[in-house]
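Let me begin by presenting the structure, written as structure tokens, before commenting on it.
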Amino acid sequence: MNTPLLIAFLASTAGAATPLIMASMGELVTERSGVLNLGLEGMMLVGAVVGFMVTLGTGHTTLGLLAAALAGIAMALIFAFLVLTLQTNQVATGLALTLFGVGLSAFLGRGLVGQTVAPMAHLSLPLLSDLPFIGPLLFRFDAMVYGSLLTVLAISLVLSRTRLGLTIRAVGESPHSAHAIGYDVIGLRYGTVLFGGAMAGLGGAYLSLALTPMWVEGMTAGRGWIALAQVVFATWKPRGVMVGAYLFGGVTVLQFHAQGIGLDVPSEFLAMLPYLATIVVLVIICRNPQTILLNKPMSLGQNFRAD
Amino acid sequence: MSRLERRLEPSRAMMLASPLIAAAAMLATGSLLFCFLGQQPLHAFYVYFIKPLTSAYGVGELLLKATPLILCGVGLAIGFRANVANIGADGQLTVGAIAAACVALHFDQVQAGWLLPLMLLAGALGGMAWAAIPALLRTRFNTSEILVSLMLVYVAYLLLGYLVHGPLRDPAGFNFPQSKMFQDAALLPLLMDGLRVNAAFPLSLLAVAGAWFFCKHTFAGYRMQVSGMAPAAALFAGFSEPRNVWGAFLVSGALAGLAGVGEVAGPLGQLQPTVSPGYGFAAIIVAYVGRLHPIGVLLASLLMSLLYIGGEAAQIELQLPSAITGLFQGLLLFYLLAADLFIHYQLKPRRHIAAALATAPSGDPA
């Protein structure tokens, strides 16, 4: 592989990794508090369509991102109300949220197909962005790429070093103990679920505003599910999410660079790679039940009632 | 003032009423949505939900679209009863369709009675093979069957895309990404002239009956139900979890595969880039709305099928977006989950504070 090709490959990897990081980090926080939200794909889709719609209408990417986050929160609120207040089954409700999001986004996006917006602005620093090799790899991305890395750092610090993070983890490990010493388990879980929604909305919007600046029905193509799997094979650790996202970003963009590398494989088989890789990595991590048992929040997927 | 109170026993009446409440709430929301879209709600309601049922052709379409939902839904329900979450039925359906199409296209010149049974067998085996992967990974490597079965849906779609763009593309088809049309011997017989509903529908009824018998009268069905309702009891009784997982996946995979045969050897008549408009996912809703019971699945499939054909009718007659169908499907499941609250809880008027304190749970879920 020659250098320009390698640079293009690595740079597009960062782009493909960013929505995965956003969605996974949101889900990670939700799951650390003990709630499993399988509606990631649905929230991402609604975020993608709403973000695109608002950006198209106002011309401002920032407003689009804000709207996408709010749309994700609104979707997550439905889930939170059903699961936390009405005590419905988390798996069934998450599936419902995804199916609803697929339908809702197709419905909202019916007039948007075929339109485009200007892709998100890229960083341009004098001197630095023009450096050979290092420039395009470090100093020429859009704000979300840097933002997603900061998010990983911030969430990692909050979870490990702050009282809030400790509370979230305590609620996820043992909601009854947390409740007994006076924490508002349901209130805190509302917070983490809505945070997960906002992040998923942003991740979705990154797809429709930066990666491919247009709206296509079902454009997440399973990224929400890959992001979910990623939380598992990151063993619920922010660091792992970042490594995983860049790995999967690379696998995802491989199909666009295959010809340049000289890989003569039908595009469909290359497009299968992210899904197959997800399965393979899941198997590697889950093969040892100890790994999962030691790292998984103890109350994950179980509803809590204070009685 | 009233408050929610936990029932001593789950309410059987609410079990059965909840899907009806959910359907009614969905219809009410639908009418509101029609208003919002500038339609006369009553007229739109009529076009969407009633008119398709007023003609023989409409009823035929209803049964045609209900068929894959019944086949997939019955299989999924068996799994869900045992806490085995196969959500990749759409992939298993797709692979079943591919397998049947391969048989049909291979024996393109053969006019024989054994061709259709062979296609059905191939479809069922194809679906089973695809479903065996998540079953194997879950039982052998402890891997989430939800994520694996779902990932395999996308792999199946891409495999189908590769085949219709490549090896199975009709050489005389002007480069369209689709296979040759199947010959007559490879098409399911129609039930009635002029309608599109075919022999796959009675087959799906057979599946309903078979599933009912399995759940009600076989030990394997009993084991699976116990494992779903009381995992600890199942463990204590020595019921094998891997056996449940395998059973659930193989049965639901085979049924989803048959649903795929029903599509390619039925209304499609060839392999196309998309075999199913998400029947495998709609079947998840069908299974829950049908209370994981075969007869319930049958009824829920008819309702869900009405959403599909009503959506098409409304698109043609009222220029309503076809995406409404997906929206209604999602709403239906939300309403069902919410209404299910009243299986375990009831609204009680608040009389005495003392009495309320004595009986009500301290953490009021409402």
- For the stretch A:172-181, enumerate the residues that are of a type outside the set (A, V, I, L, M, F, W, C) and part of a helix (DSSP H, G or I). A:GLY172, A:GLU173, A:PRO175, A:HIS176, A:SER177, A:HIS179
- Message: Condition first: in a loop (DSSP other than H, G, I, E, B), among the β-branched types (Val, Ile, Thr) and in contact with a Ser or Thr (Cβ under 8 Å, 6 or more places away or on another chain). Can you find one or more residues in the stretch B:274-285 that meet it?
- Response: yes
- Query: Just wondering, is there one or more residues in the stretch A:182-197 that are of a type in the set (Phe, Trp, Tyr) and part of a loop (DSSP other than H, G, I, E, B)?
  - Reply: yes
- Note on the structure: When every residue in the stretch A:79-92 that is facing another protein chain (nearest Cβ under 7 Å) and crowded, with 16+ Cβ neighbours inside 10 Å is compared, the one nearest to A:ASN303 (Cα to Cα) is A:GLN87
- Any residue in the stretch A:32-61 that's in a helix (DSSP H, G or I): show its pairings with residues that are β-branched (Val, Ile, Thr) and surrounded by fewer than 24 Cβ atoms within 10 Å (Cβ to Cβ) at Cβ separation under 7 Å, as long as the two are six or more apart or on different chains. A:PHE52/A:VAL117; A:THR55/A:THR61; A:THR55/A:VAL117; A:LEU56/A:VAL117
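Each row is one residue, and each column tells you yes or no for (1) part of a helix (DSSP H, G or I); (2) under 30 Å from A:LEU108 (Cα atoms).
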site: A:PRO136; (1), (2): yes, no
site: A:SER156; (1), (2): yes, no
site: A:MET199; (1), (2): yes, yes
site: A:GLY203; (1), (2): yes, yes
site: A:MET219; (1), (2): no, yes
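Conditions tested, residue by residue: (1) under 18 Å from B:LEU255 (Cα atoms); (2) within 19 Å of the chain's Cα centre (by Cα); (3) of a type in the set (Lys, Arg).
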residue	(1), (2), (3)
B:THR139	no, no, no
B:LEU150	yes, yes, no
B:TYR154	no, yes, no
B:GLY161	no, no, no
B:MET181	no, no, no
B:PRO189	no, no, no
B:ALA199	yes, yes, no
B:HIS217	no, no, no
- Any idea which residue in the stretch A:93-126 is surrounded by the fewest Cβ atoms within 10 Å (Cβ to Cβ), counting only those that are within 14 Å of chain B (Cβ to nearest Cβ), free of Cβ contacts under 8 Å to residues at least 24 places away in the same chain and part of a loop (DSSP other than H, G, I, E, B)? A:GLY111
- Are any residues in the stretch B:258-273 crowded, with 24+ Cβ neighbours inside 10 Å and in a loop (DSSP other than H, G, I, E, B), and if so, which ones? B:LEU271
- Out of all the residues in the stretch A:210-225, is one or more more than 14 Å from every other protein chain (Cβ to nearest Cβ), touching a residue at least 40 places away in the same chain (Cβ under 8 Å) and in contact with a Leu (Cβ under 9 Å, 6 or more places away or on another chain)? yes
- Query: Which of the residues belonging to the stretch A:138-154 are assigned to a helix (DSSP H, G or I) and surrounded by fewer than 19 Cβ atoms within 10 Å (Cβ to Cβ)?
  - Reply: A:LEU138, A:ALA143, A:TYR146, A:GLY147, A:LEU149, A:LEU150, A:LEU153, A:ALA154
- Message: Let me confirm something: among B:ALA129, B:ALA156, which residue is in contact with a Ser or Thr (Cβ under 6 Å, 6 or more places away or on another chain) and at pLDDT 95 or above?
- Response: B:ALA156
- Just a yes or no: is a residue in the stretch A:39-58 aromatic (Phe, Trp, Tyr) and closer than 30 Å to A:SER177 by Cβ? no
- Yes or no: B:PHE239 away from chain A (no Cβ under 14 Å) and not in a helix (DSSP H, G or I)? yes
- Residues satisfying the stated conditions in the stretch A:268-307, i.e. in a helix (DSSP H, G or I), of a type in the set (Ser, Thr, Tyr) and at pLDDT 85 or above: A:TYR275, A:THR278
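The values are calculated or read from the model by the stated rules, or taken from the named source; none is laboratory data. Bear in mind that the values here come from a model prediction, so they are computed numbers and not experimental data. All Cβ positions, even for glycine, are placed from backbone atoms using ideal geometry, and neighbour counts span all protein chains on display.
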